[in-house]
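Read the figures in this text as sums done on the coordinates, not as results from a lab. In this text, all values refer to a predicted model and were calculated from it rather than measured experimentally. Heads up, the Cβs are rebuilt from the backbone with ideal geometry, glycines too, and the neighbour counts pull from every protein chain shown.
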């Protein structure tokens, strides 16, 4: 038996963002800033900037699954974050491969609705996502609009967040984190429903900043990164919220782009620390 050393590895499966503030770019920045090694598989190429999404070019499913297969046979991650998967074909391919790695925690950030209200997921993909991916993931992290899209009723209060989380849990999602960032309040609540149907409120002070692009991508990647480092799920969620708050706060006076600008992922970059294992 040979002793080896490795960094904690986080795989992001997500879409591209040319502005660099969201999507796979935000994921890689977050994972790196938190002291993990980032690997990535691209699922979509949205034509967008900080103001709008014009259209989405979907990476063909056979390309996504082949890249994912090649990557995982070479570098097995300690945690996986999934972002934009907007077609049934890509969802089916990803789910088939994830079934081969049942012990790796998976965080799914369901990129379904843009900040302007545009539906980003194809019509047949919603049901496929619920049927094929929900049972395989450790945590689902919808925002209010995405939660409402999943459950079919408006989610505009903390009570609605709990009802939505419970209904999403009935869709075979093991644990659900409904993010309340779109609520108009000085304190932002997130509602976490764990695998035992226990609910937990995580309150975070709102930062007065226009630079909130990619908060959902960043939060889910941060959760995956803390899981890769060995934290239990609830502790990883709490730590990720603190990281996002500091990343937004440290960039509140910066101007990049004409829309929602990016946060500062590297306000306090952590050095990658290797762990020892036997092979």
Highest mean first, how do 3-15, 261-273 rank when packing is the count of other Cβ atoms within 10 Å averaged over residues?
3-15, 261-273
Please compute, over every Cα-Cα pair in the stretch 157-198, the percentage with a separation greater than 12 angstrom.
53 percent
Taking the stretch 174-279, how much of its Cα-Cα pair set, in percent, is spaced more than 23 angstrom apart?
33 percent
Working out 0.36 nm times the residue gap between residue 118 and residue 74, then minus their Cα-Cα distance, what length gain in nm do you get to one decimal?
12.1 nm
For labels at residue 275 and residue 208 in the simple 7 Å Cα→Cβ model, what's the distance in nm?
4.2 nm
Taking the Cα atoms of the chain, what is the range of coordinates along each of the three principal axes, in descending order and whole Å?
56, 41, 40
Computed over the stretch 1-157, Kirkwood Rh from alpha-carbon pairs, angstrom:
16.2 Å
Suppose R0 equals 30 Å. What FRET efficiency, 1/(1 + (r/R0)^6) with r the Cβ-Cβ distance, do residue 51 and residue 266 give to the nearest 0.05?
0.80
Rg from C-alpha atoms of the stretch 221-279, normalised by the globular rule of thumb 2.2 N^0.38 Å, equals 1.42
Burial ranking of peptide ranges 248-258, 34-44, 79-89 (average Cβ count within 10 Å, highest at the top):
79-89, 34-44, 248-258
Show log10 I(q)/I(0) for the stretch 89-168 at q = 0.10, 0.15, 0.17, 0.23 Å⁻¹, two decimals, from a solvent-free Debye sum over equal Cα scatterers.
-0.25, -0.56, -0.71, -1.15
Cα-based Rg of the stretch 134-210 per 2.2 N^0.38 Å, rounded to two decimals?
1.05
Cα gyration tensor of the stretch 111-242 diagonalised, 5x eigenvalues square-rooted, in angstrom largest first, produces semi-axes 20, 19, 15
Site residue 234, offset 7 angstrom along Cα→Cβ, radius 17 Å on amide nitrogen, limited to the stretch 191-211, gives 191-204
Using the alpha-carbon centroid of each, what span in Å lies between the stretch 76-149 and the stretch 202-268?
20 Å
In Å and whole numbers, how far do the C-alpha atoms of the stretch 193-235 stretch along each principal axis, longest first?
36, 23, 13
Viscosity 1.567 mPa s, temperature 4 °C: what is the translational diffusion coefficient of the stretch 1-80 from Stokes-Einstein with a Kirkwood Rh over Cα pairs, rounded to a whole number of µm²/s?
94 µm²/s
Rounded to the nearest 5, what is the percent of antiparallel bridges among the DSSP beta bridges in the stretch 8-264?
45 percent
